[in-house]
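Student: Sharing a structure here in structure tokens format.
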Ligand code: HPA
């Protein structure tokens, strides 16, 4: 049985033995791992070495934790390059484990990034979207099961899941980089099949602007342990039926790679401001 508290404590102790904890972390989604390569004085810890971490099995996802400095800055950050997904057959505890580990390692704020399909017709592939709120349609929740009060409350408020100050800092960073940024609601599903056009139409009615297969469970775990949360989606494609294009994971990776430098610049500026806040 996976004990969330015990495993996160063990993993964080392992990380403490490797390096001093940074206060800010980022989780890099599909095709977005290149940010990790920009860190200087960086140590790389493969997920296989960290207790209870899952190696990444998805193409476009590395599987390592990088800890280093933002370019030309004394801000130290942790970059989780690659993440686990429910569709790999993993448990919610395994998906929440890196987030809980970061909190036990004395982290304060975490920015989740992902690749997503655009539902809002104003979006175009390559847009970046500041996540304002989410809809969890995975049917799962990492807080289900025996409750351990030392992880946080059983019933947590999700009204301000995405920290408003962090949202403002990301928005200001985009403005100072001259980068257009959309704002919207991210809806998450189990996957791994993409959605049907009828499903996408129904998610639009629910109020979703973008759809993907990650992030929401990690955000719930982060809020339980009191981490401040930010989120950025890279709109890699329009969701099924919104455009005539068919969907493929190759397109997701290609678009993520096309916006790589804009994304890296936005993340660098945002993390600098979040660490200073
Ligand atoms: N749907 C679900 N997940 C995704 C998509 C999508 O269109 N694009 C990238 N991840």
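Student: Using only alpha carbon pairs under 8 Å that are at least six residues apart, calculate the relative contact order of the chain and give it in whole percent.
Tutor: Relative contact order for the chain comes out at 26 percent.
Student: While we're on this one: Using a Förster distance of 22 angstrom, determine the FRET efficiency expected from the C-beta separation of residue 277 and residue 74, and round it to 0.05.
Tutor: 0.90
Student: For labels at residue 106 and residue 164 in the simple 7 Å Cα→Cβ model, what's the distance in nm?
Tutor: 3.0
Student: Calculate the spin-label point distance for residue 5 paired with residue 205, positioning each point 7 Å from the Cα along the beta-carbon direction, and give it in nanometres.
Tutor: Going from the residue 205 label point to the residue 5 one covers 4.4 nm.
Student: Still on this structure, I have one more. Considering only DSSP beta bridges where both residues belong to the chain, give the percentage that are antiparallel (nearest 5).
Tutor: 35
Student: Something else now. Set the Förster radius R0 to 22 Å, insert the Cβ-Cβ distance between residue 146 and residue 90 as r into 1/(1 + (r/R0)^6), and round the FRET efficiency to 0.05.
Tutor: My answer for the efficiency is 0.70.
Student: Please list, in order, the residues from the range 1-24 whose amide nitrogen is less than 14 Å from a point placed 7 Å along the Cα→Cβ vector of residue 43.
Tutor: Counting backbone N atoms under 14 Å from the label point, the list is 12-22.
Student: Along the Cα→Cβ direction, 7 angstrom out, place labels at residue 13 and residue 171. What is the inter-label distance in nm?
Tutor: Using points 7 Å along Cα→Cβ, the separation is 4.4 nm.
Student: Please give the calculated 222 nm ellipticity per residue for the chain, where each DSSP H segment of at least 4 residues contributes -39500 (n - 2.57) and the sum is spread over every residue; nearest 500 deg cm²/dmol?
Tutor: Rounded to the nearest 500, it is -10000 deg cm²/dmol.
Student: Considering the chain as a Gaussian network with a 10 Å cut-off on Cα pairs, which listed residue, 240, 96, 79, attains the greatest mean-square fluctuation?
Tutor: Answer for the Gaussian network model of the chain: 240.
No value in this document is a laboratory result; all are computed from the given coordinates. The structure displayed is predicted, hence computed values, not measured ones. Glycine gets a Cβ as well: all are built from the backbone with ideal geometry, and neighbour counts include every protein chain shown.
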